[in-house]
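Novice: Before we start, here is the structure in question, set down as structure tokens.
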Amino acid sequence: MDQDRLDKAQRQQANDKAGRNKTDAEFDLLIEQHKAKVGAALNHVSATNMNICLCIRKRPLFEKEYTSGEIDCVSSSNPKCVVHQAKFKVDGITKFVSDTNFEFDNTFNENENSQDMYQYSIRDLLPSLFTGGIVTCFAYGQTGSGKTFTVSQVTKYAINDIFKIA
């Protein structure tokens with residue numbers, strides 16, 4: 001119990017020093033503990049043999065979100081994505097974290113780049129374009145979540161590879 005209080009106080013000091021004055025240090029620590037349990041990522045799978053390939057890419061928190069006290073509550077470890085939801089028990093005092101697990105064909109975390117996403121999701125599909133095949137990429141997400149950035153980066157890699165194939 002004393003160690004928990006000490007950890008919380010140290011986290012609050014670190015958050016204050018980083019300018020994150022509105023961050024709940026206890027939830028921050030709880031979510032960090034849950035993120036540690038997610039597990040190691042598996043290798044990505046090529047979309048070549050799939051009729052539909054569902055991939056996600058997790059973006060990091062923006063500096064503005066971080067300094068305003070937002071807590072990064074999503075873990076991405078291929079092929080899993082876990083949302084760590086901060087909650088209060090019925091007593092209204094006790095804090096806990098509830099995990100919701102999702103599984104996709106490939107998940108890309110905030111440390112992976114657009115080239116990684118391109119390599120496993122699109123690159124192997126390009127040759128089928130020249131043999132009458134159809135490849136459709138659909139980007140979906142909240143405003144500001146990085147769709148335009150990712151698609152523009154992936155398109156750049158695709159154009160380079162198309163010129164190599166053609």
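Novice: Does region 14-34 contain any residue that is within 24 Å of V154 (Cβ to Cβ), assigned by TED's automatic domain parsing to the domain that holds F96 and touching a strand residue (DSSP E or B) at 6+ places or on another chain (Cβ under 8 Å)?
Specialist: No, region 14-34 contains no residue that is within 24 Å of V154 (Cβ to Cβ), assigned by TED's automatic domain parsing to the domain that holds F96 and touching a strand residue (DSSP E or B) at 6+ places or on another chain (Cβ under 8 Å).
Novice: Examine region 90-105 for a residue that is β-branched (V, I, T) and either in the same structural domain as Q153 (by TED's automatic domain parsing) or closer than 23 Å to Y118 by Cβ (or both), and state whether such a residue exists.
Specialist: No, region 90-105 contains no residue that is β-branched (V, I, T) and either in the same structural domain as Q153 (by TED's automatic domain parsing) or closer than 23 Å to Y118 by Cβ (or both).
Novice: Kindly list the number of the only condition in (1) surrounded by 18 or more Cβ atoms within 10 Å (Cβ to Cβ); (2) in contact with a Cys (Cβ under 7 Å, 6 or more places away or on another chain) that fails for V83.
Specialist: Of everything listed in (1) surrounded by 18 or more Cβ atoms within 10 Å (Cβ to Cβ); (2) in contact with a Cys (Cβ under 7 Å, 6 or more places away or on another chain), V83 misses just condition (1).
Novice: Has region 3-21 got at least one residue that is modelled with pLDDT under 90 and at positive phi?
Specialist: yes
Novice: A86 versus (1) in contact with a Ser or Thr (Cβ under 9 Å, 6 or more places away or on another chain); (2) closer than 30 Å to G19 by Cα; (3) not assigned by TED's automatic domain parsing to the domain that holds A25: which is the lone unmet condition?
Specialist: Single failed check for A86: (3).
Novice: Just for region 22-49: of the residues that are loosely packed, with under 13 Cβ neighbours inside 10 Å, over 20 Å from K95 (Cα atoms) and of a type outside the set (V, I, T), which one is modelled with the lowest pLDDT?
Specialist: Result: N49.
The values are calculated or read from the model by the stated rules, or taken from the named source; none is laboratory data. Values in this document were obtained by computation on a predicted structure and should not be read as measured data. When we count neighbours, we look across all protein chains shown, and the Cβ atoms used for this are built from the backbone with ideal geometry, even at glycine.
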